[in-house]
Amino acid sequence: MPAEDLETGFQRLEDGLPERGRKVTDHGEDSSADENLELTADSEKDRFSVDAFLHVTGASGEENPALQVTVVSGCFRASDGANLDGES
């Protein structure tokens, strides 16, 4: 996928997350030599975050565009005897 399309998608992600109840807590270039864009957004009601990275140029200097998205969940504890299979 062309880097321009991924950049557009990354911008839509940044713009759309607050509209869906997510607070952008970090945005900007990461500390890598490639200066990839990084975005972290936290849910305002649920216990999870979204981390997104836009990679355009790889370590070799060649263009290698990619969009990486990771969802990080808070820890949950089930009560004793809870059915974790979702069946009644």
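Values in this text are rule-based calculations from the coordinates and carry no lab data. No experiment lies behind these values; they were computed from the predicted model shown. Ideal geometry is used to build each Cβ from the backbone, glycine not excepted, and the neighbour counts take in all protein chains shown.
About the centre of its Cα atoms, the chain shows a dipole size close to 520 debye [charges on the beta carbon of Lys, Arg (+1) and Asp, Glu (-1) only; nearest 20 debye].
Less than 5 angstrom separates the built amide H of ASN36 from those of ASP30, all sequence-distant by 5 or more or on a different chain. In a DSSP loop and with at most 14 other Cβ atoms within 10 Å, the chymotrypsin sites (Phe, Trp or Tyr not before Pro) in the chain are PHE76.
Put in order of Cβ neighbour count within 10 Å, fewest first, the listed residues HIS55, HIS27 become HIS27, HIS55.
Over region 3-73, the fraction of Cα-Cα pairs per 10 Å bin, rounded to whole percents and listed from the shortest bin up, is 20, 50, 24, 5, 0. If you run the Gaussian network model on the chain, springs between alpha carbon atoms under 10 Å, then out of ALA66, ALA33, ALA52 the most flexible one is ALA33. Residue-wise HN-Hα couplings along region 4-15, as the Karplus relation 6.51 cos²θ - 1.76 cosθ + 1.60 with θ = phi - 60° gives them from phi, are 4, 5, 5, 4, 5, x, 5, 5, 5, 4, 4, 6 Hz; Gly and Pro carry x.
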